[in-house]
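Chemist: Here you go, one structure.
Values in this text are rule-based calculations from the coordinates and carry no lab data. Note that the structure is a prediction, hence the values are computed from the model and not measured. Here Cβ is always computed from backbone atoms with ideal geometry, including for glycine, and neighbour counts include all displayed protein chains.
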Amino acid sequence: MNIKKIAVLTSGGDAPGMNATIRSVVRTAITEGMEVVGVIRGYNGLIHGDLRPMHVRSVSGIINLGGTLLYTARSPEFATEEGMQKAIKTCHDNNIDGVVVIGGDGSFRGARDLSARGIPCVGIPGTIDNDISSSDYTIGFDTALNTAVEMVDRLRDTAQSHDRCSVVEVMGRRAGYLALRTAIAVGATHVLVPEIGYDIDEVCQQINEGHAIGKQHFIIIVAEGIGGVEQIAKDIQERTGIESRATILGHVQRGGRPSARDRVNATRMGYHAVKLLSAGIGNRVVVMKNSKVIDYDIQEALAMHKPFENDLYDMVMQISV
Ligand code: ADP
C-alpha cells in the first residue's frame with residue numbers, strides 16, 4: 001500500500017514525552033514525502049473530524065514540553081462499531097492512509113481494530129505506568145520516575161527531621177513498576193505493589209526490626225493499585241508507635257519537562273513508526289526490547305505477558321535493613 005498522508009494522535013492518559021514523539025512523527029513523515037495531520041483529543045477527534053494540518057514548524061519548540069499539544073481523551077464511542085465507522089469515514093474523506101497512535105494497550109486495541117478495517121495503524125507506547133505488556137519501556141515512565149523520586153526525597157527530609165514514617169502513594173494504575181523503581185531509587189524501607197501484595201504485620205515487623213537497630217525514619221512506597229495510604233499509615237502508627245504520615249503524589253507525576261531519556265526514546269520510536277508506514281506496513285506496535293527499538297504485530301503484542309520484576313523486589317526487601 002502506498003501511504004501518502006498520515007494522521008497522528010495521542011490517546012488515553014497523557015505522559016511527558018508525547019510532544020517529542022509527535023515532533024518526531026511529523027518531521028519524519030514530511031521528510032519522507034508524506035503529508036501529516038494532527039488529530040485533536042485522541043479517537044474522539046477522528047470520529048468528529050477534528051484535524052489540524054501539521055508542518056515542520058508546527059512542532060517547533062515542543063520537544064522540552066510535558067503534556068500533549070494534540071490533547072488526549074478516552075473515547076468510549078470509538079470502541080463501538082458505529083464510532084469506528086465514523087472514524088473510518090473521516091480517514092476516507094481526508095485521504096488519510098495511515099495513523100500513528102501514541103497511547104497504552106487500550107489505544108492499541110483501537111489501532112488493531114482500525115487496521116483490520118483497512119486503515120493501517122502503528123502504535124507507540126506512551127504512558128507513565130510502564131504497564132505495556134510488549135515493551136520494556138514506555139515514553140513518560142522515566143520522567144515520572146524522576147519526579148516521584150524528587151518528591152519522595154523532599155518527604156525524606158521532613159521524615160528524617162521528625163523521626164517519622166512516610167507512607168507515599170505513587171501512580172502506576174494496576175501495575176507496580178513505577179512504585180518499585182521509585183522504592184529502589186529513594187532507598188525505601190518497604191514497597192507495596194499489587195503484583196505481590198502485602199501483609200501489614202510484616203511491614204510493621206520490618207519497621208520494628210529496623211527501629212531496634214537504630215533506624216529512625218522510614219519510607220514506605222505504596223503503588224496506586226494498592227491504595228489506601230491513609231489507613232496504612234494509621235495501622236503502622238498504631239502497631240509500631242512511630243508517627244506516620246500519608247502522602248498521595250498524584251498528577252504531579254504526569255506533568256513536567258520530559259527527561260533526556262524520554263525525549264531520545266520518543267524520537268527513536270516516532271521515527272521507527274513512520275518508517276513502517278512509509279514502507280506501507282501497518283498493524284504494528286513499536287516497542288523497546290533490550291534497548292533496541294523493534295516492532296510487533298499489534299495482536300501478538302497485546303497477547304504478551306510482561307513478568308513482574310521479582311528480582312528487584314527481593315533486592316529492595318533484602319537491603320532495607
Ligand atoms: P490506554 O491507551 O492508556 O490503555 P484506555 O484503556 O483508556 O487507555 O484506552 C484509550 C482509548 O482506546 C479508549 O478510550 C477507546 O477509545 C480506545 N479503546 C480501548 N479499548 C478498545 C477496544 N477494545 N476496542 C476499540 N477501542 C478501544
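Chemist: So what's the back-of-envelope 222 nm ellipticity for the chain, counting only DSSP H runs of four-plus at -39500 (n - 2.57) apiece and dividing by all residues, rounded to 500?
Modeler: Calculated mean residue ellipticity at 222 nm is -13500 deg cm²/dmol.
Chemist: Give, to the nearest whole percent, the P(r) tail of the stretch 221-321 beyond 20 angstrom, counting all Cα pairs.
Modeler: Value for the stretch 221-321: 66 percent of Cα pairs lie more than 20 Å apart.
Chemist: In whole Å, what is the distance between the alpha-carbon centres of the stretch 221-238 and the stretch 155-178?
Modeler: 10 Å
Chemist: To continue, here is another question. Using only the alpha-carbon atoms of the chain, report the extent along each of the three principal axes, biggest first, to the nearest angstrom.
Modeler: Projected onto the principal axes, the Cα atoms of the chain cover 70, 36, 34 Å.
Chemist: Turning to a different aspect of this structure: Restricting to DSSP loop positions (anything but H, G, I, E, B) with no more than 14 other Cβ atoms inside 10 Å of their own Cβ, which trypsin sites (Lys or Arg not before Pro) remain in the stretch 99-155?
Modeler: ARG117
Chemist: Further, regarding this structure: At a threshold of 8 angstrom on Cα-Cα distance, excluding pairs fewer than six apart, so keeping six or more, what relative contact order does the chain reach in percent?
Modeler: Averaging sequence separation for qualifying contacts and normalising by length gives 24 percent for the chain.
Chemist: Could you please report the charge total around GLY256, scoring K, R as +1 and D, E as -1 over all other residues with beta-carbon less than 12 angstrom from its beta-carbon?
Modeler: Here the count lands on -2.
Chemist: When only C-alpha pairs under 8 Å and at least 6 residues apart count, what is the relative contact order of the stretch 123-248, in percent?
Modeler: Result for the stretch 123-248 is 30 percent.
Chemist: What is the Cα convex hull volume of the stretch 1-67 when expressed per residue in Å³? Present the calculation step by step, with values, prior to reporting the outcome.
Modeler: On the way: hull volume 5.9 nm³, N = 67.
Value for the stretch 1-67: 88 Å³ per residue.
Chemist: Quick one: what does P(r) look like for the stretch 142-254 with 5 Å bins over all Cα pairs, in whole %?
Modeler: Here the calculated profile for the stretch 142-254 is 2, 14, 25, 27, 19, 10, 3, 0.
Chemist: Against the empirical 2.2 N^0.38 Å scaling, what ratio does the C-alpha Rg of the stretch 239-285 come to?
Modeler: 2.17
Chemist: Follow-up. Given contacts defined as C-alpha pairs under 8 Å and at least six residues apart, what's the relative contact order of the stretch 232-319, whole-number percent?
Modeler: 14 percent
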